[in-house]
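What follows is a short report on a single structure.
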Amino acid sequence: MVFRRRTGSDALAARACRYTGALVLFAMTPVSSPIITHSAEETIAFGRALAAELCPPLVVLLCGDLGAGKTTLVKGIAEGFQAASRDQVTSPTFTLVHEYRSPRAVLYHIDLYRIDTERELETLGLDDLLAPNSILLIEWGEKFPRLRRDRDMEITLERVKDELGESKRRIRRTTR
Ligand SMILES: Nc1ncnc2c1ncn2[C@@H]1O[C@H](COP(=O)(O)OP(=O)(O)OP(=O)(O)O)[C@@H](O)[C@H]1O
Ligand SMILES: [Mg+2]
């Protein structure tokens with residue numbers, strides 16, 4: 001499913017509807033059809049729509065290179081949960097864990113880029129964050145086989161290069 005960039009409020013409404021339709025495919029199959037976004041704004045809009053499909057408890061690995069858009073997607077998910085605004089969501093690269101609370105769930109945004117060993121991972125105590133109302137959104141979790149094995153969902157973001165620039169992303173989801 002491909003989403004083309006438009007402007008204006010009609011276009012925004014149309015885009016939201018398209019994401020909702022695409023989300024049925026994105027959410028229902030073990031390996032989703034890819035979704036293409038053309039800007040950070042579109043990835044945030046997609047994250048907002050995706051939030052409606054995320055029911056705690058959930059461990060979600062967010063996979064993709066540096067700058068792929070993982071944190072940008074979390075901005076949308078946090079907005080979708082009304083847990084935080086996009087500006088409040090910043091990268092937890094140094095703080096490692098950020099927490100955003102909403103009536104529906106507690107979101108933990110975790111960045112393991114600077115964590116190198118299983119032992120360091122243990123000291124973070126991620127298991128203690130698992131609760132019936134928690135959703136763990138983990139960047140760079142794929143480095144650890146244990147997390148890969150235990151996750152409920154993996155969302156992968158990839159840059160798609162084309163002649164128009166570097167802002168296109170392909171987003172895929174895999175569940176158990
Ligand atoms: N379609 C797009 N989707 C998401 N981000 C985009 C898109 N196009 C451009 N960008 C830009 O790419 C950057 C993505 O940064 P972001 O921090 O979300 O990446 P990340 O995957 O979390 O990286 P890191 O691994 O370093 O934490 C932002 O500057 C964002 O504005
Ligand atoms: Mg990030």
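Each reported figure results from applying straightforward, stated rules to the coordinates on display, with no laboratory input. Remember, it's a predicted structure, so these values are computed and weren't measured experimentally. With ideal geometry, Cβ positions are generated from the backbone for all residues, glycine too; neighbour counts draw on all protein chains shown.
Full-extension gain between residue 117 and residue 164, please, as 0.36 nm times their residue separation minus the C-alpha to C-alpha distance.
Length gained, residue 117 through residue 164: 13.0 nm.
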(request) Check cross-link reach from residue 143 to the aspartates and glutamates: straight Cα distance under 15 Å, and skip same-chain residues fewer than eight apart. (result) 65, 111, 116, 118, 120, 122, 154
(request) Rank these for me by crowding, 161, 70, going from fewest to most other beta carbons within 10 Å. (result) 161, 70
(request) Give me the lysines in straight-line cross-link reach of residue 161: C-alpha distance below 21 Å, same-chain residues under 8 apart excluded. (result) 70
(request) Please list 108-114, 134-140 highest first by mean number of surrounding beta-carbon atoms within 10 Å per residue. (result) 134-140, 108-114
(request) Beta carbons within 10 angstrom, averaged per residue: use that to sort the peptides 44-53, 88-97, highest first. (result) 44-53, 88-97
